[in-house]
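Step one of this worksheet: look at the structure below.
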Amino acid sequence: MREFVLINITGVDRPGLSAALVGVLAEGGASLLDISQAVIHGTLNLAVMLEQAPGVSSEALLERVKTAYATLDVTVRLQPLDLPAYEHWALAQRAPRYVLSLLTHGLSADHVHRVTGIANRHGLEVDRIDRLSGPAYLDSQAPATHGCVDILLKGVAHDAQALRAELLDAARDLGVDIALQADDLNRRHRRLAVFDMDSTLIQAEVIDELAKAYGVGERVSEITERAMRGELDFRASFKERMALLKGLDVSVLDEIGAGLRLTDGAEALFAGLRRLGYKTAILSGGFTYFARQVQARLGIDYVYANELQVEDGKCTGVAVEPIVDAQRKAELLRELAAREGVSLEQTIAVGDGANDLPMLALAGLGVAFRAKPLVKASARHSISTLGLEGVLYLLGVEDRLLS
């Protein structure tokens, strides 16, 4: 009769613990079916599932293992399994897998308790929890650190829409970011990332800054805000705002450009994306003049934005076609993906306004960044608590790999 055994070893980690076990198993001719090891703060957790060699009893195996570890200060537990139990386990490994990323400043037990409880109620089981962010520094003088843990889940959600809604509520209540993705090949093999510029890569809406310099700031800002919330058609609102800038002297452009501040985390994100081999693009409803400056600072490959028409050193107030609106952003994402030879599932889109929603929906990973409520509720994923570097966590990238 075939005999299966699960062995668990826990104790203070030291060199040779894993080798001692597999050495005993090799001598007994066992077949390894599964093996997992983790060391957490100096404590080893080693688990091995195996099929016994014919003629070797569980009792004899346990004695050999205990003898090998007699002087190593560990606990050995052996659990015999029958064939149905093994087949049940093997079948469970085929269940769909998901990654729930929990992004926050200062992780608490309550954060993990809340989200794992939600997952369990919707039919998902916790399979593993990994920390992606670096260790927290306890020195009171150290700057506040950001953090991310990935909670790997398995199973089939009873109601995916209800699960998402409950996770969104939890994120709001806890003041954290929560992202749930399928744990598939695309998650770690995306290749093209596109970004809105204003209020995403930079901490300003440039058209509002131009309007302030021209004395029409309040009128333009009000239109911009309503357009970003999705209350106004972007094309119509853009033309209306451009008309208010008619006669603006272009001498102010350099001054405004010099004062633009990158969003926190932008430099870290693009440095990481370059190391990972990504192509990047700005798809902006703002202006090419400023997008080129951001491109130079961050090393971005492509820029698509609106042209600021000038005659005799003055803005004409005319919106030059084609206007980079919501639909144009989605079209550009398709075109860039085709040009780079990648599928849309291998793309990332990041933006904050209602005019970004089509490209966020089209991309394999669409992220609403510090977005308006409508955009945050409509996008599949959002980041509000961390900076742009948080996008790397959604790709499964650990801090230590980029340090």
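Around the Cα centre of the chain, unit charges on the Cβ atoms of Lys, Arg, Asp and Glu (plus for the first two, minus for the last two) sum to a dipole of about 340 debye. Normalise the Debye intensity by I(0) for the chain, one equal point scatterer per Cα, no solvent, then take log10 at q = 0.10, 0.11, 0.12, 0.13 Å⁻¹ and round to two decimals. Results for the chain at q = 0.10, 0.11, 0.12, 0.13 Å⁻¹ read -0.77, -0.88, -0.99, -1.10. When each of the peptides 345-354, 49-58 is scored by the mean number of other C-beta atoms lying within 10 Å of its residues, the order from highest to lowest reads 345-354, 49-58.
Label-to-label distance, Asp301 versus Val318, with points set 7 angstrom from Cα along the beta-carbon direction: 3.4 nm. Return the lysines within reach of Lys246: Cα separation strictly under 21 angstrom, same-chain partners fewer than 8 residues apart disregarded; answer none if there are no such residues. Qualifying lysines at Cα under 21 Å: Lys212, Lys314.
Note on region 1-48 and region 205-247: Cα centroid distance 64 Å, given to the nearest whole angstrom. On the beta carbon distance between Arg339 and Gln309, with R0 = 25 Å, the FRET formula returns roughly 0.35. The Cα atoms of region 37-102 give a gyration tensor whose axes a ≥ b ≥ c have a/c of 1.5 or more with a/b no greater than b/c, which makes the shape oblate.
Considering every alpha-carbon pair of region 205-354, the percent of pairs per 5 Å bin, from zero through the bin containing the longest distance, is 2, 8, 17, 21, 20, 15, 10, 5, 2, 0.
DSSP finds beta bridges in the chain, and of those with both partners inside it, around 70 percent are antiparallel.
As a calculated quantity, the FRET efficiency between Asp110 and His41 at R0 = 22 Å, using C-beta atoms, amounts to about 0.55. In the chain, helices alone account for a calculated mean residue ellipticity at 222 nm of -11500 deg cm²/dmol, with every DSSP H run of four or more residues adding -39,500 (n - 2.57). Legend: calculated FRET efficiency, Leu168 to Ala90, from the Cβ-Cβ distance at R0 = 56 Å, rounded to 0.05, equals 0.95.
Measuring nothing but protein heavy atoms, the accessible surface of the chain at 1.4 Å probe radius is 52 percent carbon and sulfur. By the rule of a C-alpha distance below 20 Å, with chain neighbours fewer than 8 residues away ignored, the lysines paired with Lys329 are Lys239, Lys279, Lys372, Lys376.
The values are calculated or read from the model by the stated rules, or taken from the named source; none is laboratory data. None of the values given here were measured: they were computed from a predicted structure. All Cβ positions, glycine included, derive from the backbone under ideal geometry; neighbour counts span all protein chains shown. Areas reflect the complete protein model, heavy atoms only, side chains present, ligands, DNA and RNA absent. Shrake-Rupley method; radii C 1.70, N 1.55, O 1.52, S 1.80 Å.
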